[in-house]
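S.K.: Got a structure here, written out as structure tokens. Questions coming.
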Amino acid sequence: MATLEKIRSKSVFLLVVIFVALLAFILGDAITNGRNLFGDHTRVAKVGGEKIDYMDYQRKREELNQQLEQARQQNPQQVANFDVQLLPQMALNQLVSEKLVDRAVNKLGVPSSETMLRRYLLESPQPTPEQMQIVRALQGMNVNVTSMAQVHEIIFNPKRNNLTQQQVEPLQKAWLALEAEAKQTIARQAYVQLLAGTVQANDLDRKALYNDAVELMQVSLAYRPYGQLDEKKYPVSDADLKQAYDAEKGKFKVEEPTKAISFIAVNVSPSEADRAAASQLALNTAIAMRDSSGSIDKNLRKEGIAVEKRSQRASDIPAGAVKNFVTSAPKDSVSVVAESLRGFTIVKMGKKSVEVDSIQLNLVQVAGKALPAKVLASLNGGVPVDSIAGKFPADSVMVQAAEWIALYNANGKVDALQAGQLDSLKNAGGKYITLVENEGGAVIAQLAKQSPAKEIYDYEIVEYELHPSAVTVNDARTKLEKFLAANNTAAAFAKNAQKEGYNIQEFELTQSSDAVPRMKGYNMYYPDSRQVVRWVMIDGKPGQVSGIYESKDAASPALYVAAVNSEYKDYIPMTNKEVKEYLTDKVRRSKAGDEMMKQYGSKTGSLQQLATAMGVEPNQLDQFRFSMRSGVQDPVVMGQIAGSKPGKKVILVKGDDGVYGYVVNGAKKDTTPYDAATYDAQYRQMFQPDIERMMRGANKIENNIYKFEAGE
């Protein structure tokens, strides 16, 4: 803000110079790039005629960044593995949804009532970050507030609250902006709820679900799975694959251009030389800590050595080598307590003491200049803290009785009180004292209780993580460059990678997907791999191999290369590896099923005869329901059984996963009474509406995000 004030204070001449320079820059850019001032070169995405500009996208990204930081502060473990590479697409997805909802809201004129606005801004138990900024601004004016309703009253009635219009005018503008945003949010929520409410079961839907649940059949079943099939016994020709592909082509339709890639990630590990250097570094650091009075020289700091001072309760030190040393070693002793391929840990022991780790305070916050002294006198005169607020003007006194304050937590000492405050509380002999005081009021406190004293250990610790050196990373890059020079096509890349010790993974990337190469077997993405995705989606052509991309993660550096195998716009082709494997397996199972149908077709005199021929034991399914997979996994076979009438005839069916023989022995209905609400809920659970898809309709998303994002 200070910088802005300086700029505003400069002469008009400076502003004219800035304007002329800016205009020249804009015109020059337009001329150079053949664009006009109203072009779409800042368009991140487009859906149904609605455009998303880069500035809106940046604001949404920053909003998500702030939410992520708040989550990290409040619950770091929950978001520890979150990959920031996903934020760009998350931001775009939210903007697309908002654009679609806003278009529908404006078209229908969805209102937001004053009652709903009041609940959202004044009665919500969790104020928004923007509201808290207004609260902090008032606190900076020595105005204490306890509710959003009070905030609203103060900033829109400044004279009644001893403020000037000039003081509150920025806050009024901020609040009105919040109201406009809240109205938009309320309208969005109302529309989405209305739209979701249109997906409801009718009487026929509810009755169908009820019938599926209560109709019981008694079925005798013999099932022979296909198992592992011999490729030579059941060969699959190209003609077979083509026929199967044409029959199921709809399954392979893609909604947007898709690229299939081969991906190599070289995770660089420390070399033998790196580990030897780390071992010597551990020795040098231990000597330096033993000989120093608390600091280490700059040469060790350049190597990444940092000494952390800790003061912890014994119960908070994790079990292991560090705790064993700290709780038993004499003062000033130093030890390399752990050394491995990942690094080392060195500890220097400090003093041991016995201290209180938490205290209970009665806290009273008082507004005004003269009132705190009166409240303090009343409290020390015997007025109970629970009733003190009732003896003074409303909104002037706020009480927090029996508030426990931690002086130590799992991470060590907590600076909950300023220097000298704890001693003042202890020396007060149970009386109330003024803990904090300024022109706007004071905080009065009494030490009510102390926790039992605990053992506290002070120590210094070095926890060094061993990372690959620059030499090691460069060696890995040189080796990979040599491989790429000899294998610069996608076909050669895929064919020869394994021979050179590289593991290849296959991915399919689309513009609007969150597709970032994921570590095989893990629910994690490769750090900084989005830059590879950018190359694939913008520059990569089928048959081409990318250059080498490097992760910026110093702890686990990695080198990435991608090769574009193919690109398809309408359907995934039959030549795609996964599609071909799926079709081959399906055709092979179908051929095995045809053979088994011929083999067992003459054995259907009785179910036991059929089961014996199959080499299986028959199952009795006395509770067969169509609404549950009652011993049958194939949905087509399950439907056929449910549609069969009771009788003695053995029916042989070729399923997708094996051959089934069954007899329907009887049918009856469960006595469960019909309850419409139950099947309403079941219908909603089965057919959860995709709101965005409903709003988007046939409109496709034009996604240009990869032109703006190349990884974090």
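The values are calculated or read from the model by the stated rules, or taken from the named source; none is laboratory data. Keep in mind the model is a prediction, meaning the values are calculated, not measured. Glycine also receives a Cβ, built like all others from the backbone with ideal geometry; neighbour counts cover every protein chain displayed.
S.K.: Would you confirm, using the coordinates I've provided, whether Gln184 is out of contact with any helix residue (DSSP H, G or I) (no Cβ under 6 Å at 6 or more places or on another chain), surrounded by fewer than 18 Cβ atoms within 10 Å (Cβ to Cβ) and outside the structural domain of Arg589 (by TED's automatic domain parsing)?
M.R.: Values: out of contact with any helix residue (DSSP H, G or I) (no Cβ under 6 Å at 6 or more places or on another chain): yes; surrounded by fewer than 18 Cβ atoms within 10 Å (Cβ to Cβ): yes; outside the structural domain of Arg589 (by TED's automatic domain parsing): yes.
When the stated conditions are applied, Gln184 passes them.
S.K.: Being more than 30 Å from Ala554 (Cβ to Cβ), assigned to a helix (DSSP H, G or I), out of contact with any Gly (no Cβ under 9 Å at 6 or more places or on another chain) and not aromatic (Phe, Trp, Tyr) narrows it down to one residue among Ala277, Ala273, Ala260, Ala244; which is it?
M.R.: Numbers: Ala277 fails: more than 30 Å from Ala554 (Cβ to Cβ); Ala273 fails: more than 30 Å from Ala554 (Cβ to Cβ); Ala260 fails: assigned to a helix (DSSP H, G or I).
After applying the criteria, what remains is Ala244.
S.K.: List the pairs whose first member sits in the range 197-208 and is touching a residue at least 24 places away in the same chain (Cβ under 8 Å), whose second member is among the acidic types (Asp, Glu) and surrounded by 10 or more Cβ atoms within 10 Å (Cβ to Cβ), and whose Cβ atoms are under 6 Å apart, counting only residues at least 6 apart or on separate chains?
M.R.: Qualifying pairs under 6 Å: Ala201/Asp680.
S.K.: Given the condition part of a helix (DSSP H, G or I) and free of Cβ contacts under 8 Å to residues at least 60 places away in the same chain, answer yes or no: does some residue in the range 211-225 qualify?
M.R.: yes
S.K.: Which of the residues spanning the range 567-584 are hydroxyl-bearing (Ser, Thr, Tyr) and within 12 Å of Val236 (Cβ to Cβ)? Reasoning before the result, please.
M.R.: Within the range 567-584, the subset hydroxyl-bearing (Ser, Thr, Tyr) is 568, 571, 575, 582, 584.
Residues satisfying the conditions are Tyr582, Thr584.
S.K.: As an exercise: evaluate Ala329 against (1) assigned to a loop (DSSP other than H, G, I, E, B); (2) closer than 30 Å to Glu506 by Cα and give the number of the one condition it does not meet.
M.R.: Result: Ala329 passes all but (2).
S.K.: Being among the polar types (S, T, N, Q) and part of a helix (DSSP H, G or I) is the filter; apply it to the range 280-319 and report the residue that is surrounded by the most Cβ atoms within 10 Å (Cβ to Cβ).
M.R.: The selected residue is Thr285.
S.K.: Looking only at the range 462-493, count every residue that is surrounded by fewer than 18 Cβ atoms within 10 Å (Cβ to Cβ) and under 23 Å from Ala338 (Cβ atoms) and tell me the total.
M.R.: 3
S.K.: Something else now. For the structure I just gave you, tell me whether Leu221 is over 30 Å from Glu702 (Cβ atoms) and within 40 Å of the chain's Cα centre (by Cα).
M.R.: Considered against the rule, which asks whether it is over 30 Å from Glu702 (Cβ atoms) and within 40 Å of the chain's Cα centre (by Cα), Leu221 comes out as no.
S.K.: Residues to consider are Lys331, Lys309; find the one that is over 37 Å from the mean Cα position of the chain (by Cα) and modelled with pLDDT under 95.
M.R.: Answer to the selection: Lys331.
S.K.: Within the range 153-181, track down each residue that is acidic (Asp, Glu) and out of contact with any helix residue (DSSP H, G or I) (no Cβ under 7 Å at 6 or more places or on another chain).
M.R.: Of everything in the range 153-181, those that are acidic (Asp, Glu) and out of contact with any helix residue (DSSP H, G or I) (no Cβ under 7 Å at 6 or more places or on another chain) turn out to be Glu153, Glu169, Glu181.
S.K.: If Tyr457 meets every condition in (1) at pLDDT 95 or above; (2) under 30 Å from Tyr502 (Cα atoms) apart from one, which number is that one?
M.R.: With respect to (1) at pLDDT 95 or above; (2) under 30 Å from Tyr502 (Cα atoms), Tyr457 is out only on (2).
S.K.: Filter the range 660-681 down to residues that are among the aromatic types (Phe, Trp, Tyr) and in the same structural domain as Leu607 (by TED's automatic domain parsing) and give me whichever is surrounded by the fewest Cβ atoms within 10 Å (Cβ to Cβ).
M.R.: This residue is Tyr660.
S.K.: Another one. Picking from Val337, Val322, Val347, which residue would you name as being touching a helix residue (DSSP H, G or I) at 6+ places or on another chain (Cβ under 7 Å), of a type outside the set (Lys, Arg), crowded, with 18+ Cβ neighbours inside 10 Å and touching a residue at least 60 places away in the same chain (Cβ under 8 Å)?
M.R.: Val347
S.K.: Just checking, how many residues over the range 350-385 are of a type in the set (Gly, Ala, Ser) and free of Cβ contacts under 8 Å to residues at least 12 places away in the same chain?
M.R.: Of the residues in that region, 5 qualify.
S.K.: Scan the range 36-67 for residues that are touching a helix residue (DSSP H, G or I) at 6+ places or on another chain (Cβ under 7 Å), of a type in the set (A, V, I, L, M) and modelled with pLDDT of 85 or more and jot them down.
M.R.: Ile52, Leu64
S.K.: State yes or no: is Asp570 more than 30 Å from Leu241 (Cβ to Cβ) and not β-branched (Val, Ile, Thr)? First the steps, then the outcome.
M.R.: Numbers: more than 30 Å from Leu241 (Cβ to Cβ): no; not β-branched (Val, Ile, Thr): yes.
Spelling it out, it is not the case that Asp570 is more than 30 Å from Leu241 (Cβ to Cβ) and not β-branched (Val, Ile, Thr).
S.K.: Residues to consider are Asp634, Asp622; find the one that is under 18 Å from Gly655 (Cα atoms), among the acidic types (Asp, Glu) and assigned by TED's automatic domain parsing to the domain that holds Lys654.
M.R.: Going through Asp634, Asp622 in turn, just one is under 18 Å from Gly655 (Cα atoms), among the acidic types (Asp, Glu) and assigned by TED's automatic domain parsing to the domain that holds Lys654: Asp634.
S.K.: Further, regarding this structure: Just to be sure before I move on: is Tyr522 aromatic (Phe, Trp, Tyr) and at pLDDT 95 or above in the structure I sent?
M.R.: Here the answer is no, as Tyr522 does not meet what is asked.
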